[in-house]
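Asker: One structure is given below, represented as structure tokens, and several questions about it will come after.
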Amino acid sequence: DTLEAADIPLEDALAREELKNLFNKKMEEFAETLSERERVILNERLVAAEPLTLQEIADRFDVTREAIRLSEKKLIEKIKSYMAESLSQVTGIEFGLLG
């Protein structure tokens, strides 16, 4: 009866959990800055387990599917920019812990 060695050292597991919590906190802060449409795209399309289609979101807001696609594209760029700025102190090595 022996214990198998963990795949990830304890320090790395703790660092990974801390980084994950920081990322989630920053995403929550970011979501507060969004319009209703952007929040729907983020929560119900980009990060949803079962994402809505562009058409489903377009129907909700009475716009075209293309309008939602463009909004989604702009939102992804906003997320990248916000996270790059918010997490500028986190190194590439630390991001490797998320993998």
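For (1) surrounded by 13 or more Cβ atoms within 10 Å (Cβ to Cβ); (2) at pLDDT below 95; (3) touching a Ser or Thr at 6+ places or on another chain (Cβ under 9 Å), each residue gets a yes or a no:
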position	(1), (2), (3)
Asn24	no, yes, no
Met27	yes, yes, no
Leu42	yes, no, no
Ile57	yes, no, yes
Arg60	yes, no, no
Val63	yes, no, yes
Ala67	yes, no, no
Ile76	yes, no, no
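Asker: Checking Ala49 against (1) surrounded by 11 or more Cβ atoms within 10 Å (Cβ to Cβ); (2) within 24 Å of Lys26 (Cβ to Cβ); (3) not charged (D, E, K, R), which single condition isn't satisfied?
Answerer: With (1) surrounded by 11 or more Cβ atoms within 10 Å (Cβ to Cβ); (2) within 24 Å of Lys26 (Cβ to Cβ); (3) not charged (D, E, K, R) applied to Ala49, the lone miss is (1).
The values are calculated or read from the model by the stated rules, or taken from the named source; none is laboratory data. The shown structure was predicted, so the numbers you read here are calculated from the model rather than taken from an experiment. So basically every Cβ, Gly included, is an ideal-geometry build from the backbone, and we count neighbours across all protein chains shown.
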